[in-house]
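The values are calculated or read from the model by the stated rules, or taken from the named source; none is laboratory data. All values reported here derive from a predicted model rather than from experimental measurement. Note that we place each Cβ from the backbone using ideal geometry, even for glycine, and neighbour counts take in every protein chain shown. Note: accessible area is taken over every heavy atom of the protein model, side chains too, but ligands, DNA and RNA are not part of it. Shrake-Rupley method; radii C 1.70, N 1.55, O 1.52, S 1.80 Å.
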Amino acid sequence: MTSFMLMAMVLLLALSVPVAVAVAVASIGGVALFTQLPLVVVAQKMVTSIDSFPLMAIPFFILAGNLMEAGGISRRLVEFAKSVVGGLQGGLACSCVLTCMIFASVSGSSVATTFAIGAIIIPAMLAHGYPRGFAASLQATSAELGVIIPPSIPMILYGVSAEVSIGELFIAGIGPGILIGVALTLYVYITCRVKGWGREDREGKLGILPAAKHASLALLMPVIIIGGIYQGVFTPTEASVVAVFYALLVGMGIYRTIGIADLGPVLRKSVISSAIIMFIIAAAGLFSFLITQAGVPAIAGQWISSVISADWQFLLAVNVFLFLVGMFIETSAAIIVLAPILAPVAIHFGVDPVHFGLIMIVNLAMGMITPPFGVNLFAACQVGNIGLDRVISHLVPFVLVIVGCLAIITYFPSVSLFFRNLVY
């Protein structure tokens, strides 16, 4: 049954069938052909897969990110980031990374970060003489921080699937997020110095204090969200609702950049994005139920244990496997299907489940910037009005930077667990 479902899913994906539909159809085929279960189980398992309180955070964080974009908060964050690093050669490119780090601390979505920040920063970089392919590659890669820096939708999915504290995952994501942000900034700065790009980036730069004042309410948002979770004032799910109300208050009541007429398109966009993710979760939940019933996790764990004897070998093999999976399967679906299988094996090898969650998320996030299904990459190409073929040469070094950071995160657990151990 498992072999049939995997082959059916791969075939459907090769035919460009949407991920959620491919997973659902493969699972329904497995139920109909290889089990005695009534088909009503399909509906039951898909519903119960999304009937989870922590999953409520997903649509609220998506809505908060869209409200930030519509309310001009993203533009203020770009101005602030440029005031901090814009004085450097290549400062505009560096400000792309810094802005994405800040925006990621509220939106929880890399695609939302790509569109919200890319619509501002890519045209600005082109006006300053940066190659279009470099600008698109930088934006796509920087937006990956949207799922690594908390709050993060994939962290919520991993926490639910692997039964790990979402609050611990959020805190643990701070270290890897900072590491990747710093590494990308260093690479961008060195590249701009070598290539001679961004010599005029300081033009139009505000002073740090005026820019900070202008963006103060936007900068306060992640402090409230992460600080509230850290202090135990509210849960990650409740934090998503707080983020929505704060974005509404700032956008409608203070900045007055969102009107009643603007709420309709924002809500529609958020509902569509949420429905797509929830459909993927429901289908992947059914798939996960079936492979669990077939005993795949236990068999996989026994096989891995018999072949691999050391934890470092296991982590290396998992990273190679996840990198390949991330290229072809959407991140949310991959986490829901694979986390229940791999997390128990990781624990068997003595790997902290929170640490392993960050390894999975950082690795699968690379799938967002690698063909053929790199959603961030396609979004950045759309914003930058450039073909994929002109981006690849600029993209490869960014992928190598992320791979280097992943190696550090994998074999130095303190990068992920330092802040977690301070709090919990």
Test: residue in the stretch 153-160 that is assigned to a loop (DSSP other than H, G, I, E, B) and surrounded by 24 or more Cβ atoms within 10 Å (Cβ to Cβ): no
Hits in the stretch 161-206 (condition: more than 21 Å from ALA135 (Cα to Cα), assigned to a loop (DSSP other than H, G, I, E, B) and touching a His at 6+ places or on another chain (Cβ under 9 Å)): LEU206
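Is at least one residue of the stretch 312-322 closer than 18 Å to ASP51 by Cα, open to solvent by less than 30 Å² (accessible area, probe 1.4 Å) and either without any contact (Cβ under 8 Å) to a residue 12 or more places away in the chain or in a helix (DSSP H, G or I) (or both)?
Just the residues of the stretch 312-322 that are closer than 18 Å to ASP51 by Cα, to begin with: none.
Within the stretch 312-322, none of the residues are closer than 18 Å to ASP51 by Cα, open to solvent by less than 30 Å² (accessible area, probe 1.4 Å) and either without any contact (Cβ under 8 Å) to a residue 12 or more places away in the chain or in a helix (DSSP H, G or I) (or both).
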Scope the stretch 25-42; condition open to solvent by 10 Å² or more (accessible area, probe 1.4 Å) and either under 21 Å from ILE281 (Cβ atoms) or assigned to a helix (DSSP H, G or I) (or both); matching residues: VAL25, ILE28, GLY29, ALA32, LEU33, PHE34, LEU37, LEU39, VAL40, VAL41, VAL42
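Within 17 Å of ILE254 (Cβ to Cβ) and of a type in the set (Lys, Arg) - does that describe any residue in the stretch 40-50? So that I can check it myself, show each step before the final result.
Step one: filter the stretch 40-50 for residues within 17 Å of ILE254 (Cβ to Cβ), giving none.
No, the conditions are met nowhere in the stretch 40-50.
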Test: residue in the stretch 254-270 that is open to solvent by 60 Å² or more (accessible area, probe 1.4 Å), small (Gly, Ala, Ser) and farther than 29 Å from ALA24 by Cα: yes
Odd one out for LYS213, checked against (1) assigned to a helix (DSSP H, G or I); (2) surrounded by 15 or more Cβ atoms within 10 Å (Cβ to Cβ): (2)
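Suppose we filter LYS82, LYS45 for residues that are surrounded by fewer than 22 Cβ atoms within 10 Å (Cβ to Cβ) and among the charged types (D, E, K, R); which single one remains?
Working: LYS82 fails: surrounded by fewer than 22 Cβ atoms within 10 Å (Cβ to Cβ).
None of the others qualify; the one that does is LYS45.
Please enumerate the residues belonging to the stretch 191-229 that are among the basic types (Lys, Arg) and in contact with a helix residue (DSSP H, G or I) (Cβ under 7 Å, 6 or more places away or on another chain). Break it down into steps so the answer makes sense when it comes.
Step one: filter the stretch 191-229 for residues among the basic types (Lys, Arg), giving 193, 195, 199, 202, 205, 213.
Across the stretch 191-229, the qualifying residues are ARG202, LYS205.
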In the stretch 168-206, the residues that are open to solvent by less than 10 Å² (accessible area, probe 1.4 Å) and in contact with a Pro (Cβ under 9 Å, 6 or more places away or on another chain): LEU169, PHE170, ILE171, ALA172, GLY173, GLY177
Number of the condition not met by SER95 [criteria: (1) modelled with pLDDT of 85 or more; (2) under 22 Å from VAL242 (Cβ atoms)]: (2)
Enumeration of residues in the stretch 233-250 that are of a type outside the set (Val, Ile, Thr) and either open to solvent by less than 40 Å² (accessible area, probe 1.4 Å) or modelled with pLDDT under 80 (or both): PHE234, PRO236, ALA239, SER240, ALA243, TYR246, ALA247
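This table checks each residue for (1) in a helix (DSSP H, G or I); (2) open to solvent by 50 Å² or more (accessible area, probe 1.4 Å); (3) of a type in the set (Ser, Thr, Tyr).
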position	(1), (2), (3)
ALA346	yes, no, no
GLY350	no, yes, no
ILE359	yes, no, no
CYS381	yes, no, no
VAL403	yes, yes, no
LEU406	yes, no, no
PHE419	yes, yes, no
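Please work out if ALA14 is farther than 22 Å from THR331 by Cβ, without any contact (Cβ under 8 Å) to a residue 12 or more places away in the chain, open to solvent by 30 Å² or more (accessible area, probe 1.4 Å) and not polar (S, T, N, Q).
Judged against the criteria, ALA14 is not a match.
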Cβ-Cβ under 7 Å pairs, at least 6 apart or on other chains, the stretch 76-94 side without any contact (Cβ under 8 Å) to a residue 60 or more places away in the chain, far side open to solvent by less than 10 Å² (accessible area, probe 1.4 Å) and not in a loop (DSSP other than H, G, I, E, B): VAL78/SER95; VAL78/THR99; VAL78/ILE117; VAL78/ILE121; ALA81/SER95; ALA81/THR99
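Looking only at helices (runs of 4 or more DSSP H) that fall completely inside the stretch 50-143, which ones have 1 or more residues that are under 20 Å from ILE386 (Cβ atoms) and under 14 Å from the mean Cα position of the chain (by Cα)? So that I can check it myself, show each step before the final result.
Working: elements: 57-70, 73-85, 91-107, 110-127, 132-143.
By residue number, 91-107, 110-127, 132-143.
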Residue check for MET368: within 24 Å of TYR187 (Cα to Cα) and crowded, with 23+ Cβ neighbours inside 10 Å: yes
Filtered residues of the stretch 323-338 (kept if under 16 Å from the mean Cα position of the chain (by Cα) and either crowded, with 22+ Cβ neighbours inside 10 Å or not in a helix (DSSP H, G or I) (or both)): GLY326, ILE329, GLU330, THR331, SER332, ALA333, ALA334, ILE335, ILE336
Odd one out for GLY232 among (1) more than 13 Å from SER107 (Cα to Cα); (2) part of a helix (DSSP H, G or I): (2)
Members of the stretch 122-158 found to be of a type in the set (Val, Ile, Thr) and closer than 21 Å to GLY367 by Cα, listed by number: THR141, VAL147, ILE148, ILE149, ILE153, ILE156
